[in-house]
Amino acid sequence: MATNNYRIHLISNNENLRRKLYNVNYFEEVSMSTSLDEIEEDIAIIDDRIIGVNDLLEDRGKISSRYIFYQVSNDNFKFSTKSILESNEIKLIQPYMTDENIVEYVCSEVIKKYRLTVNKNIVTFFGADSKVGTTQIAQSISERIIDKSYARVCLIFLDGEAGTDYIDINFRNNIDTIKIKLISELATVDEIFDIAEKVKNNLYIIEGTKSILYRKEYQPENISYLLNILSLACDLVVVDAGSCIDRAMPITALTSTNHRYLVTTQQANSLRRYMEKKPILDRLSLDDFQVIVNKHMADGSLLTTYDVAKAYGHPYLSKIEFSKYALQAENDKKALIHYNDKEVNKDFNKLVDIIIEQLNLSKKETPRKRKWFGMQGVG
């Protein structure tokens, strides 16, 4: 079957959803009704406000569709419902999903080609080692992106640590607060944002795990579930994946996107530690990074930015100059962009502009400076 030749049947009253599905190139026919008769289309989407779960299960034999989706409302969102649907090869559409989210989800489940790009709004920062400044980079970029764009951004720490070293607020919750619901794949978008702190307009931060024991309990599918929800609810998800590759959290954060940024320095130790991890990264097909050279120093005895990138075997993206405020930022629990370091701020602005362009985010217009024309010769 060609990927652009799917037929969909909706049992729903949602004309807006039907119209949005019809506008997807992959779907040549989208029909809609309010009764469960014989369904032979490739994809069936059924609203629980039209067909109850027991009626659906009783008439399951009438549906010969290859893919069946069941949209549940808040009142019917229970673990038992999810389990029963899965045992009948029916995929659950959760109540938090908007019509746009449903279209995205159906495409990601049905179309292999679409699956490869569904998380196009996730960016993951990974460190060559633990001392290159990955957390500072991820946070500074998140804060600067909301200054320069209209994007709703969520910064999440998935390195097996809390990650909030540069945020001077008391986090009431962290990812462990909803661990059970993540593992059972029952966490809703509201519950996920309940554990996030809104630190600025349009910037939400989810603190990572604080438990050495808990970080071992998260499986790739749990983190993938979390990231999928965040990618639907936000314009951009920024992930600090730390520098370890022996945990499900960073591995899933890296495999969930094609936008991977390798943070490193000009130090030889950083390269050595990265090369120790490279065989594992290669086996996971994680051999595609863009290089950010942090703490850069223009010193003839050190590698240039492009030479650093060549040593890692990845293309060079940008650099962040070494800042004399680095220790102060650590003590103040602030991002480096809050200090009057012109070169560092210039570098961050350049890097953020590149990322905004790569992610196709809606950028704020920079106000033009008004020229002042003096009134000469008046007197």
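For residues in segment 244-265 being hydroxyl-bearing (S, T, Y) and surrounded by fewer than 23 Cβ atoms within 10 Å (Cβ to Cβ), which is nearest to the chain's Cα centre (by Cα)?
T257
Going by the structure shown, is I223 buried (at least 19 other Cβ atoms within 10 Å of the Cβ) and either among the hydrophobic types (A, V, I, L, M, F, W, C) or in the same structural domain as F322 (by TED's automatic domain parsing) (or both)?
When the stated conditions are applied, I223 passes them.
Hey, among E143, E109, E161, which residue is within 17 Å of the chain's Cα centre (by Cα) and either among the charged types (D, E, K, R) or assigned to a strand (DSSP E or B) (or both)?
Unique residue meeting the criteria: E143.
Filter segment 278-330 down to residues that are of a type in the set (V, I, T), under 30 Å from S256 (Cα atoms) and free of Cβ contacts under 8 Å to residues at least 40 places away in the same chain and give me whichever is surrounded by the fewest Cβ atoms within 10 Å (Cβ to Cβ).
I280
Can you work out which of the residues in segment 63-81 that are without any contact (Cβ under 8 Å) to a residue 60 or more places away in the chain and surrounded by fewer than 14 Cβ atoms within 10 Å (Cβ to Cβ) is nearest to L21 (Cα to Cα)?
Among them, the one singled out is R66.
Looking at segment 43-54, can you tell me whether even one residue there is surrounded by 13 or more Cβ atoms within 10 Å (Cβ to Cβ), outside the structural domain of A233 (by TED's automatic domain parsing) and closer than 18 Å to L186 by Cα?
Within segment 43-54 (the criterion being surrounded by 13 or more Cβ atoms within 10 Å (Cβ to Cβ), outside the structural domain of A233 (by TED's automatic domain parsing) and closer than 18 Å to L186 by Cα), the answer is yes, since at least one residue qualifies.
Considering only segment 149-160, I want to know if a residue exists there that is out of contact with any Leu (no Cβ under 9 Å at 6 or more places or on another chain), assigned by TED's automatic domain parsing to the domain that holds C234 and more than 21 Å from F289 (Cβ to Cβ).
If we filter segment 149-160 for residues that are out of contact with any Leu (no Cβ under 9 Å at 6 or more places or on another chain), which is where we start, we get 157, 159-160.
Cutting the leftovers down to assigned by TED's automatic domain parsing to the domain that holds C234 gives us 157, 159-160.
Still in the running and more than 21 Å from F289 (Cβ to Cβ): none.
No, segment 149-160 contains no residue that is out of contact with any Leu (no Cβ under 9 Å at 6 or more places or on another chain), assigned by TED's automatic domain parsing to the domain that holds C234 and more than 21 Å from F289 (Cβ to Cβ).
With more than 19 Å from I111 (Cβ to Cβ) and buried (at least 18 other Cβ atoms within 10 Å of the Cβ) as the only criterion, which of I84, I90, I39 stands out?
I39
State whether the residues of segment 183-191 include one that is under 17 Å from the mean Cα position of the chain (by Cα), small (G, A, S), assigned by TED's automatic domain parsing to the domain that holds Y274 and surrounded by fewer than 22 Cβ atoms within 10 Å (Cβ to Cβ).
Scanning segment 183-191 turns up no residue that is under 17 Å from the mean Cα position of the chain (by Cα), small (G, A, S), assigned by TED's automatic domain parsing to the domain that holds Y274 and surrounded by fewer than 22 Cβ atoms within 10 Å (Cβ to Cβ).
Run E197 past the list (1) touching a helix residue (DSSP H, G or I) at 6+ places or on another chain (Cβ under 9 Å); (2) surrounded by 17 or more Cβ atoms within 10 Å (Cβ to Cβ) and report the number of the one that doesn't hold.
(1)
How many residues are modelled with pLDDT of 95 or more and either within 14 Å of V238 (Cα to Cα) or among the acidic types (D, E) (or both) when one looks only at segment 165-177?
1
State yes or no: is I178 surrounded by fewer than 18 Cβ atoms within 10 Å (Cβ to Cβ), among the β-branched types (V, I, T) and in the same structural domain as T252 (by TED's automatic domain parsing)?
Criteria not met by I178.
So which residues in segment 18-34 are out of contact with any strand residue (DSSP E or B) (no Cβ under 7 Å at 6 or more places or on another chain) and either among the polar types (S, T, N, Q) or at pLDDT 85 or above (or both)?
R19, K20, N23, N25, listed by residue number.
Please specify each residue of segment 170-191 satisfying the condition of being under 20 Å from P95 (Cβ atoms) and in contact (Cβ under 8 Å) with a residue 12 or more places away in the chain.
Answer for segment 170-191, where residues must be under 20 Å from P95 (Cβ atoms) and in contact (Cβ under 8 Å) with a residue 12 or more places away in the chain: I178, L182, I183, S184, E185, L186, A187, T188, V189, D190, E191.
Could we say that L361 is modelled with pLDDT under 95, over 18 Å from F126 (Cα atoms) and surrounded by 18 or more Cβ atoms within 10 Å (Cβ to Cβ) here?
Taking the combined requirement at face value, the residue satisfies it.
With the requirement that a residue be under 26 Å from K120 (Cα atoms) and among the basic types (K, R), what does segment 257-279 give you?
R260, K277, K278
The values are calculated or read from the model by the stated rules, or taken from the named source; none is laboratory data. None of the values given here were measured: they were computed from a predicted structure. Cβ coordinates were reconstructed from backbone atoms using ideal geometry, including for glycine residues, and neighbour counts include every protein chain displayed.
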